[in-house]
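The values are calculated or read from the model by the stated rules, or taken from the named source; none is laboratory data. As the structure is a computational prediction, the values presented were derived from the model and not from experiment. As a convention, Cβ positions derive from the backbone with ideal geometry for all residues, glycine included, and neighbour counts pool all protein chains shown.
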Amino acid sequence: MSMYWGKNVYVILFFLLIFFFQNYLYCDNQNDNEDNRYIINKVYQEENLKEIAFPLGGFGAGQIYIRGNGKLSPWEITNNFNSNANVSDAFFSIYTEDGEQTKACILQSNPGLPADGINKINFIGEFPFAKLIFGDFSPNLDLSMECFSPFIPLDEKNSSLPVIFFTFTLKNNGTKNIKGSLAGTIPNIIGWDGYGELLSATYTKGGKQIYAIHHPELGYNFNTTQKEIDTTSIDMGITSTGKEEFKEDIQLYTNLYDCAQPLRFLRGVHINYQENINPSDDQNTSNPCVYWLGPSDKVLSSDTIKKLNERIQDGAHLIVSGDTNSVFDWLVAINRAKKNLKKTHIFDNFESGTYNLWTITGDAFGDKPADGTFPSQTDIVGYEGKYFINSYNGDDKKTGTAISKEFTIQHSFIHFRIGGGNKPENSYIALIVDGRKILSSTGSNSETLKKVIWNVSEYIGKKAHIEIVDNASDGWGHILIDEIIFTNDYPIDKNSYKTLQTWLPVASKKGNWVNNKYQVKLGESFPNLKDFLLDINNIYKTTPNISIKQSEVLLKTDTGIPLIIKKKIGKGSVVWCNGKITDWISSEYKRAWIASLIGLITNVPYTYNKGLDSLHPLWGNMVFSLKTSGKNEPQTCSQWSDFNYFWQCFSKNGNLPQSESTEPSDPGYTWNGTIAYPFELSPGEKEVITFVLSWYFPNRTRGNQYYWTLPLLRYDYRLGNYYNNYFKNAMEITNYCIDNFSYLLSRTSQFHKDFFSSTLSPVLLEAISANIATLHTPIYIYLEDGTVGGFEGTDNCCPMNCTHVYNYAQVLPFLFPKLEQRIRYQELFYMVDKQEFYIPHRFIVPPSEPQLKNEIGGPQHHALDGELGTLLKLYREYKISSDKKWLEPIWNNAIKVFQHILEKHDPTGEGIIRGEQPNTYDTHIYGSNTFIGTLYLATLKAMEIMLKELGSPDPNLISECQKRYESGMKKYMETCWNGEYFINVFDAPDVGPEVYNQTNCYGPGCHSDQLLGQWWAHILGLGYLFPEPYIKTTLDSIYKNNWRKNFYDHVQVPRRFAEDDEPGLLICSWPKGGRPESPILYCDEIWTGMEYEVAGLCIFEKDWDKAIEIVTGARSRYQGNRKNPWSEIECGGHYARAMSAYSMLIAGSGFNFDNGKVKITPRVRENPSSFFFSTGTSWGMFEFNSSPRKTTITIAPHYGKLELSKISLPAEKLRFNQMSMSLVKGDRYIPITEKIGIIQQDEQYKTNLITILLRQPIIILENEKVIIDIRW
């Protein structure tokens, strides 16, 4: 059954969606009746396989995903963050023969390789397990694959293993024997940094066409076969002839990506890569310094030229390379422009307020130029006059083009200003000559318009037109343009012009660019590459054997045309490279070529070596293994690269070819390794085969991905991975995992069984599980020193440990509390400012490095909601943990952070915050509001408890918490309550009215996050922050005003997370009017993290219908046909905020653990009920059955040990007749007699509880249980 739902289902019959989820999607799969692991057993198929990508790999250990089509993709195991890291030559394949026919295929649909694939796959995913059922390979062979990586709550080591198990089950359902071979193939990817793709294609190698993977950073890879009694392995590594390095440190400043990227890991080079090179006083000049200027359409200013010349005079070296748009090309154009007498012509500055010179299509550009910023758009700066082009036009969704009238190019330069999105393919300005796009520019994801100059001197006399294109409809899908000017003026002064002439005297010589081809052999000047041939084209052809004073020709063609000229200037030099020097050599030797040139110019020795040494950031190893019972002898082909060679052999008879070579792979290439298991199944026979893939990339190194302000391509600090503490290579990991396979599988299975056996609606379990899976994705890093880091989302989105986004994430603390304790330690020991005791909301790794101050980004100042959340999280970890030693080093700092909040944000002591409140909406809210206010009230209650129990340096602080809470509760109700919900009141002190209208406030709106602190209070068992009716009424209002069945009449800006025919919860609405002109950022979006927060609140209030409808709607957007069910999106995939989903389990189970005291008050409608639970030392299941006459509860840890001193349960009546309690060990029932039971009112929720007080705490070990029977 396909799970595709058309538009009409959403619009007309939305109420059927819940029924559909409950009764159809969650059905038994008749083809899987042999394996009872899968409890929900939801089957994805056909269109709903399209976006599926299920994460595999341990916590912080790197991931490979199994997709709905059977592909292993992306690969994020080399310490990379790239959701497009696709690898083609990783696949499983099968060959069969049954006496009548033979068949071979890759176990993928549309494999992307020249071989047959599978036409039908059914996919079942219940984290940590995924199962693929291959449905149409053979009518008589049942074939399935289950894959998982160990996931055992509380077991950090075994849940962070870099390993994946792939278990195949084959069963003969026919009447004849089936023979065949099942093979697994994995490529050796060592040397690849994990950015870009590794896809096979046709290449010519040694005069022969092959279909293989090629990548410039591969090469010198080797694979070897190792066999044990029950395991066959291919060990994958890389050779090394020594360290590749400069003997002295070199500072390299460049705007040329093609120069910086190949050198980024080379020892001795400190890369400073940026769009505009601008020498500054703080640049390091103690080491040899090289400035390398590549082509750019940005202006090289007079100030930059002057500073560069000063550096050169003092001993720096400048390399100028490139053809079009290179500094040399600009100088040639300036020289020509000086002879052009045409006056400057303003083509269009849009000050007419019309599009008289343009033909407009679409709706992005409107009917006239914009006269400023549109509502919900960030302020625009950098335009001149009143009018300019702004294709935002209300939102990023609109598209269109603006095509100018044709003109004849008569000037050397075209100047213009540009801003908006960085989307060179979809949002750009282009010059069209003879029907071809000659030049184009795009924005830089900024609303600041920057000046750009096009050099069009070589097109003078040609007809042309300009196209401004906006074909983007996602975030930053707009373009800003102003002041298009045709001119012969280049904006540098006379002195700078003379400096350029001094640097590059060839530019004044007669010559022109030619596209002739030359081959030049490198000689003694380049000893590392001696006798290498350079392939050169498109050079500036000038007088052969040209002579220039104080200059040395380092390389020239056979005909004497200079290719590299070094001119001495002061203590330094300028080196001119005639064309795109980085393209002159094959890509796999580019690093050595660039480094050799730098070494020659600076006289710093450079040592070239093959392969990677063990300290290189990309060094590592992999092991691919087959675990069998020994029934049949596996085959191996450890080194092959040509897919056609492999498939020709395997598809013929199921045998593997001989290895292509016993030597390491050639530069640019790698080896694939294949293990095949021959099988023969008689009718009814079944066989299980397990493949294991492990990896070891120990040298995680800090780069720009970990730290916003670190320059791109600079890698400056080895971080390492946590698994380094236990293993020295991938073979050790494999051996460990195979030796402990029974434990790893059984414990992972037990967690899966316990969780999915919880008494929650399947759609809720699906939502929670999908976000538990986030722990096994690349948003987390787990470093060698134990540091835990988290991005907001995939592809290194918004580093690191963002306190305000992780306010919503409840998975890690309840499943791996020690890891969350480590994060609290990092926040309150390292991140906290030691003078003012605020907490910057982003973390710098390693923690020993200087942390951020008060200028951060997203929002600009330290986030108040994140600081309040840190203290609430601290209380959560305090309740969960049994050992309080981890708190000792940070408790005093926590108190100081709390005091900082009181003094800065509530200086009058009223319990209400009115001033600037930086927050998770990447903005600073002003005025009274309960989004921040409830967090503050919850923090006051939590800190009061901790101060009482852990001690306070100031006894008055406890009473201050009480006083401010009581006052604040009343004042928020008096100030913000409008009878239906809480609003944002504009009452910030010393703030003008204009401040409330800068994308930061929501005024009288109904905001879905207005009860965030109440959500926290329920999770922590703190009770109601406002009287219960206020909470219930507010929740009703949020649902009534913000829940939508579709979005046909709503524009989602600035980002779009739901299609028009999909349901969702708006962040904010204005049912009573009064929407600010520029309301709080993101108010028109839909976030699953907030949907789950609101659903969790509904469950806490026992409003199950609303909760299930919201979650069903949210999950309907993630059903594989449009979005990946295991990756919920906000700023990136696997977005951390969506881990708020776990609160629904907490709410439904009613399990609240507090230092040995447990309160269990299930809120589900079902009776009896059972739930997964976890504490700091144990996890397992409890079963609860209650009636007016009897209550029975069974608590059974399945991992660790559970220590209890007090147990509270709902009281059915005000007195009980009998109570018994037994500890069950196997068949033995041990009565617990030293206890008392009392009926009392719950202090937080004012409901009646029966509390069992134990004279001595009891310890329940795994596989034991305690049973309590109460007769009413």
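For segment 1223-1238, filtering for residues that are assigned to a strand (DSSP E or B) and surrounded by 14 or more Cβ atoms within 10 Å (Cβ to Cβ) leaves 4.
Can you tell me how many residues within segment 116-136 are touching a Ser or Thr at 6+ places or on another chain (Cβ under 9 Å) and surrounded by fewer than 19 Cβ atoms within 10 Å (Cβ to Cβ)? Number of matching residues: 3.
Would you pick out the residues in segment 781-816 that are touching a strand residue (DSSP E or B) at 6+ places or on another chain (Cβ under 8 Å), under 25 Å from residue 918 (Cα atoms) and aromatic (Phe, Trp, Tyr)? Scanning segment 781-816 gives 791, 806. Scanning segment 567-589 for residues that are closer than 17 Å to residue 512 by Cα and either of a type in the set (Gly, Ala, Ser) or part of a strand (DSSP E or B) (or both) yields 576, 577, 579. So, of the residues in segment 629-652 that are more than 35 Å from the chain's Cα centre (by Cα) and in a strand (DSSP E or B), which turns out to be surrounded by the most Cβ atoms within 10 Å (Cβ to Cβ)? Within segment 629-652, the match that is surrounded by the most Cβ atoms within 10 Å (Cβ to Cβ) is 637.
Could you check, for segment 394-408, whether at least one of its residues is without any contact (Cβ under 8 Å) to a residue 60 or more places away in the chain, surrounded by fewer than 20 Cβ atoms within 10 Å (Cβ to Cβ) and assigned by TED's automatic domain parsing to the domain that holds residue 465? Checked against the condition, which is being without any contact (Cβ under 8 Å) to a residue 60 or more places away in the chain, surrounded by fewer than 20 Cβ atoms within 10 Å (Cβ to Cβ) and assigned by TED's automatic domain parsing to the domain that holds residue 465, segment 394-408 yields at least one hit.
A single member of 865, 922 is out of contact with any helix residue (DSSP H, G or I) (no Cβ under 9 Å at 6 or more places or on another chain) and of a type in the set (Asp, Glu), and it is 922. Considering segment 1185-1201, and only residues there that are hydrophobic (A, V, I, L, M, F, W, C) and touching a Leu at 6+ places or on another chain (Cβ under 8 Å), the residue that is surrounded by the most Cβ atoms within 10 Å (Cβ to Cβ) turns out to be 1195.
Each residue in segment 1139-1158 was checked for being among the basic types (Lys, Arg) and either part of a loop (DSSP other than H, G, I, E, B) or crowded, with 20+ Cβ neighbours inside 10 Å (or both), and 0 pass.
Note on segment 895-946: residues that are assigned to a helix (DSSP H, G or I) and out of contact with any Ser or Thr (no Cβ under 8 Å at 6 or more places or on another chain) amount to 24.
Go through the residues of segment 623-633 one by one and say whether even a single one is outside the structural domain of residue 667 (by TED's automatic domain parsing) and at positive phi. Checking segment 623-633: not a single residue is outside the structural domain of residue 667 (by TED's automatic domain parsing) and at positive phi.
Results for (1) in contact with a helix residue (DSSP H, G or I) (Cβ under 9 Å, 6 or more places away or on another chain); (2) not assigned by TED's automatic domain parsing to the domain that holds residue 1109; (3) not in a helix (DSSP H, G or I), shown as yes or no for each residue.
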| site | (1), (2), (3) |
| --- | --- |
| 723 | yes, yes, no |
| 734 | no, yes, no |
| 746 | no, yes, no |
| 750 | no, yes, no |
| 753 | no, yes, no |
| 767 | yes, no, no |
| 770 | yes, no, no |
| 774 | yes, no, no |
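Residues of segment 988-1005 that are at negative phi and surrounded by 14 or more Cβ atoms within 10 Å (Cβ to Cβ): 988, 991, 995, 996, 997, 998, 1000, 1001, 1002, 1004, 1005. Counting the residues of segment 942-984 that are closer than 30 Å to residue 1075 by Cβ, among the small types (Gly, Ala, Ser) and surrounded by 12 or more Cβ atoms within 10 Å (Cβ to Cβ) gives 1. Looking at this structure, is residue 438 touching a strand residue (DSSP E or B) at 6+ places or on another chain (Cβ under 6 Å), more than 12 Å from residue 468 (Cα to Cα) and of a type outside the set (Gly, Ala, Ser)? Yes; evaluated as a whole, the condition is true for this residue. Being surrounded by fewer than 21 Cβ atoms within 10 Å (Cβ to Cβ), among the hydrophobic types (A, V, I, L, M, F, W, C), farther than 24 Å from residue 1020 by Cβ and modelled with pLDDT of 95 or more is a description that applies to residue 1129. Of all the residues in segment 672-702, those that are assigned to a loop (DSSP other than H, G, I, E, B) and either without any contact (Cβ under 8 Å) to a residue 40 or more places away in the chain or surrounded by fewer than 20 Cβ atoms within 10 Å (Cβ to Cβ) (or both) number 4. Contact map, segment 966-982: first residue more than 14 Å from residue 1024 (Cα to Cα), second residue surrounded by fewer than 18 Cβ atoms within 10 Å (Cβ to Cβ) and of a type in the set (D, E, K, R), Cβ cut-off under 6 Å, separation 6 or more or different chains; pairs are 967/910; 971/910.
If the condition is being in a loop (DSSP other than H, G, I, E, B), free of Cβ contacts under 8 Å to residues at least 40 places away in the same chain and within 18 Å of residue 340 (Cβ to Cβ), then segment 483-510 contributes only 510.
Yes or no, residue by residue, for (1) modelled with pLDDT under 95; (2) buried (at least 16 other Cβ atoms within 10 Å of the Cβ); (3) over 21 Å from the mean Cα position of the chain (by Cα); (4) among the basic types (Lys, Arg):
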residue: 664; (1), (2), (3), (4): no, yes, yes, no
residue: 713; (1), (2), (3), (4): yes, yes, no, no
residue: 722; (1), (2), (3), (4): no, yes, no, no
residue: 726; (1), (2), (3), (4): no, no, yes, no
residue: 739; (1), (2), (3), (4): no, no, yes, no
residue: 750; (1), (2), (3), (4): no, yes, yes, no
residue: 753; (1), (2), (3), (4): no, yes, yes, yes
residue: 758; (1), (2), (3), (4): no, yes, yes, no
residue: 761; (1), (2), (3), (4): no, yes, yes, no
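Pairs linking a residue in segment 540-563 that is within 24 Å of residue 325 (Cα to Cα) and touching a residue at least 40 places away in the same chain (Cβ under 8 Å) to a residue that is polar (S, T, N, Q) and part of a strand (DSSP E or B), with Cβ atoms under 8 Å and 6 or more positions apart or on different chains, are 540/512.
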